[in-house]
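Below is one structure, written out as structure tokens; comments come after it.
The values are calculated or read from the model by the stated rules, or taken from the named source; none is laboratory data. Model, not experiment: these values are computed from the prediction. Glycine gets a Cβ as well: all are built from the backbone with ideal geometry, and neighbour counts include every protein chain shown.
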Amino acid sequence: MSEPRSIDDPLAERLRTASVEHHGTLVFDVGRLLEADELHALTAVFGDNEFAPGLVTGYGKARRADEPERSVDEQVAELRARGIDPHLMFLGNVDPATGERRETDELFFGEWEWHTDMSYLPAPPTFSLLHARMVPDGGDTSFCSQVLAARTLPDALRERVAGRRIKHDSTYTSAGMLRPGMTPPATPVEAIGPYHPILRRLPGSDREALFLGRRTNAYVEDLPLDESEALLDALWEHATRDDFTYRHRWTVGEVVVWDNRVVMHCRHPFESTQTRFMWRTQTKGEPVVAAVSTSAV
Ligand SMILES: O=C(O)CCC(=O)C(=O)O
Ligand SMILES: [Fe+2]
């Protein structure tokens, strides 16, 4: 895959099929840095562009009290006027324009928690793409199949999650940083976010997947907080087993495309003396469909 602009329909179809056959995770060894429109062309194989988190109110960003109320279109126009692409996220400890290192919160270099991207949206993005532009020693990304997690879910846990939903909070990034305009909830019960079924069915197939989002501030609907915490702990222990996991060591120029319905991911730490810079895009998602429960509810 060296020319994303020239992907034709048959190749696009093959790539989508390959994603289904390979645990929702594909690695493209492009071997060079892509232009933004090339990453968008590869993204378009998998779906329509979704906004990147942290730029538009409601998408990993809350409106600050001093910020005027504006429609999504107005916000997008304003971002574009400032030369910002609302669909592209820069992730790194460098200035995106110059590539020079810049002062960065220590949390950036630590372990990022397991998560699926932007599950705090009512229709969470289906695919995410990550393009490596500067790679440190370390800073690998791991992917963990939630289809395998669902397939091996012990009966006792399956019964406990039957028909249940989790509330998906957006207060913190996966690195543990407070998102723009957000206030932490007193407890997960007070967190604000959509509920999604814990066990989902993947559209167009009979596959099921666990859909946990992220552990921080998660809450299982209608349970006392201590029971919610106990159930979540048990689910997370099962869902992140090593034998469901692929750990990716990055090379500059690569793009990894993953299906957020199929895998969770996490980022491993690296030394703060090092430099890491990635570009990220994501595709519009779909409401999460509950698996038909096989146990009595
Ligand atoms: O930088 C990484 O390896 C992963 C970052 C991440 O969680 C994402 O892009 O969704
Ligand atoms: Fe992520």
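Brief remarks follow.
- Pro154 vs. criteria at pLDDT 95 or above, touching a His at 6+ places or on another chain (Cβ under 9 Å) and loosely packed, with under 14 Cβ neighbours inside 10 Å: yes
- Glu74 vs. criteria over 22 Å from the mean Cα position of the chain (by Cα) and at pLDDT below 95: no
- In segment 135-170, the qualifying residues are those that are within 16 Å of ligand 1 (Cβ to nearest atom) and of a type in the set (Val, Ile, Thr), and the one that is nearest to Gly92 (Cα to Cα) is Val135.
- Any hit, segment 10-33, residues being over 21 Å from Phe127 (Cα atoms), among the acidic types (Asp, Glu) and part of a helix (DSSP H, G or I): no
- Close pairs (8 angstrom Cβ cut-off, 6 or more residues apart or separate chains): under 21 Å from Ser272 (Cα atoms) and touching a residue at least 24 places away in the same chain (Cβ under 8 Å) in segment 126-139, in a strand (DSSP E or B) and acidic (Asp, Glu) anywhere: His131/Glu254; Ala132/Glu254
- Scanning segment 157-186 for residues that are more than 17 Å from the chain's Cα centre (by Cα), buried (at least 20 other Cβ atoms within 10 Å of the Cβ) and under 30 Å from Glu67 (Cα atoms) yields a total of 0.
- Checking Asp48, Asp117, Asp29 one by one, the residue that is surrounded by 14 or more Cβ atoms within 10 Å (Cβ to Cβ), in contact (Cβ under 8 Å) with a residue 12 or more places away in the chain and in contact with a strand residue (DSSP E or B) (Cβ under 8 Å, 6 or more places away or on another chain) is Asp117 and no other.
- Top-ranked residue in segment 59-78 [being small (Gly, Ala, Ser) and touching a residue at least 40 places away in the same chain (Cβ under 8 Å); ranked as surrounded by the fewest Cβ atoms within 10 Å (Cβ to Cβ)]: Ala62
- Selection count, segment 105-134, where residues are part of a loop (DSSP other than H, G, I, E, B), within 13 Å of ligand 1 (Cβ to nearest atom) and more than 30 Å from Ala290 (Cα to Cα): 2
Each row is one residue, and each column tells you yes or no for (1) hydrophobic (A, V, I, L, M, F, W, C); (2) within 13 Å of ligand 1 (Cβ to nearest atom); (3) on the phi > 0 side of the Ramachandran plot.
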| site | (1), (2), (3) |
| --- | --- |
| Ala239 | yes, no, no |
| Asp243 | no, no, no |
| Gly253 | no, no, yes |
| Val257 | yes, yes, no |
| Glu286 | no, no, no |
| Val289 | yes, no, no |
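- Extreme residue, farthest from ligand 2 (Cβ to nearest atom), among residues of segment 135-175 that are within 21 Å of Tyr120 (Cβ to Cβ), of a type in the set (Ser, Thr, Tyr) and assigned to a loop (DSSP other than H, G, I, E, B): Thr171
- Scanning segment 79-90 turns up no residue that is in contact (Cβ under 8 Å) with a residue 60 or more places away in the chain, more than 15 Å from ligand 1 (Cβ to nearest atom) and of a type outside the set (Asp, Glu).
- Verdict on Ala12 being within 30 Å of His196 (Cα to Cα), touching a residue at least 24 places away in the same chain (Cβ under 8 Å) and in contact with a helix residue (DSSP H, G or I) (Cβ under 7 Å, 6 or more places away or on another chain): yes
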